[in-house]
1. Please state, as a whole number in µm²/s, the translational diffusion coefficient that the Stokes-Einstein equation yields for the chain at 20 °C and 1.002 mPa s, with Rh defined as the Kirkwood radius across alpha carbon pairs.
2. What's the FRET efficiency of Asn189 with Glu37 using the Cβ-Cβ distance as r and R₀ = 45 Å, to the nearest 0.05?
3. Give me the Kirkwood hydrodynamic radius of region 63-210 in Å, from all C-alpha pairs, to one decimal place?
4. Assuming R0 = 22 Å, what is the FRET efficiency of Arg136 and Arg174, from their Cβ-Cβ distance, to the nearest 0.05?
5. Evaluate region 144-272: find the radius of gyration of its Cα atoms, find its Kirkwood radius, and give the ratio Rg to Rh.
6. Taking the Cβ of Phe225 as the center, what net charge do the other residues with Cβ under 10 Å away carry, scoring Lys and Arg +1 and Asp and Glu -1?
7. When only alpha-carbon atoms are used, what values of Rg and Dmax, in angstrom, describe region 30-142?
8. Would you mind telling me the antiparallel percentage of the DSSP bridges in region 125-222, rounded to 5?
Amino acid sequence: MRCGLVRLASAISLLVVYLATGCDGLGSSAAESGDLEKTKIKIGVLPIIDTAPVYVGIKKGVFAAEGLTVEPVMLEQSTEALPMLKEGKLDFAFGNYVNYFMAHADGSAKLRVQAEGYQSKPGVFVIVTMPNSPIRSPRDLAGKTLAVNIKDNISTLTTNEVIKTEGVDPGSLRYTEIPFPELEPALQNGSIDAAFMVEPFTSHAQQELGARVVMDNATGPTADFPIGGYFSTEKFAKQNPKTSAAFRRAMQRAQALAAERRNVEEVLPTYAKIDRKTASTITIGAFPTSLNLTRLQRVADLMHRQGLLKEKLDLQTMR
């Protein structure tokens with residue numbers, strides 16, 4: 001009975017979002033597709049959980065309902081998309097907020113936030129060590145070598161903020177850059193003391209190495225922290241307002257569908273090299289269904305406090 005009620009509540013919430021976007025299958029939004037400036041769009045995506053809604057949306061036909069044909073373009077790092085957006089090789093791209101806000105602020109790319117993408121939950125990104133490591137708590141990380149995939153990113157931003165609440169000077173950490181797939185060997189050979197990990201790398205390291213979590217970067221001051229979203233250039237948004245609006249409506253529905261875990265589990269093996277068994281056990285964050293610039297301002301303000309932005313960034317300039 002309880003499971004039935006949960007499924008009913010989920011179905012009702014999806015219906016509310018579906019109707020709120022003005023989409024009713026072959027209704028108004030589909031009828032307006034002939035007015036779109038561009039119907040075939042390229043979206044820069046990553047082989048990670050964060051971009052699952054794009055694939056869910058394609059599978060469930062929500063982009064098609066808006067008159068959009070989507071070509072996902074797989075990238076290794078979200079920063080690869082920045083020049084591609086500027087050159088028109090991509091129309092939209094998923095990017096981590098830290099790097100994209102920095103690019104907008106320094107003028108290297110004038111961007112618009114089109115939709116929120118992924119938000120943290122406990123366990124989404126963590127600091128891990130080997131099981132026999134003397135590092136047992138966040139305080140033990142002081143003076144240690146910590147591997148992150150990219151410096152001056154969401155990894156270092158959240159690590160610095162959380163560890164500061166534990167009484168550790170972030171400046172004492174020795175950061176080194178290592179791609180996620182190479183973190184396990186680095187932990188094993190002792191070239192690093194700890195590693196910042198995300199799924200599915202966290203679960204794999206725990207299963208294969210017995211890795212221990214010593215700090216959760218999605219707690220305390222960075223609980224429910226925005227991770228990444230979907231961007232376009234200002235130029236594209238101004239030249240393609242109807243296409244942009246159709247993309248936002250489709251993403252809102254896709255994000256809502258991704259809130260049902262099984263929809264995410266079904267698509268992960270198709271693009272993220274995560275098998276079905278792993279997909280059923282990994283920690284999955286949240287997929288916001290609305291664009292809330294107040295929520296995203298947390299990221300920009302923290303970046304300014306930590307010196308990643310020279311001046312405060314008002315996200316209304318990216319609307």
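1. Numbers: Rh = 20.4 Å.
The calculation lands on 105 µm²/s.
2. Details: r = 53 Å, r/R0 = 1.17.
Taking R0 as 45 Å, the efficiency between Asn189 and Glu37 is 0.30.
3. Evaluated on region 63-210, it is 17.3 Å.
4. Numbers: r = 19 Å, r/R0 = 0.85.
Once the sixth-power term is evaluated, E becomes 0.75.
5. Details: Rg = 18.4 Å, Rh = 17.5 Å.
Radius of gyration relative to Kirkwood radius: 1.05.
6. Details: positive: Lys121, Arg295, Arg298; negative: Glu161, Asp224.
Surrounding charge for Phe225 is +1.
7. Radius of gyration, then largest Cα-Cα span, for region 30-142: 18.5, 63 Å.
8. Numbers: 8 of 14 bridges.
The antiparallel fraction comes to roughly 55 percent.
Where a number appears in this text, it was derived from the coordinates with a stated rule and is not lab data. A quick note: this is a predicted structure, and the numbers were derived from the prediction, not measured. Virtual Cβ from ideal backbone geometry, glycine too; neighbours counted across all protein chains shown.
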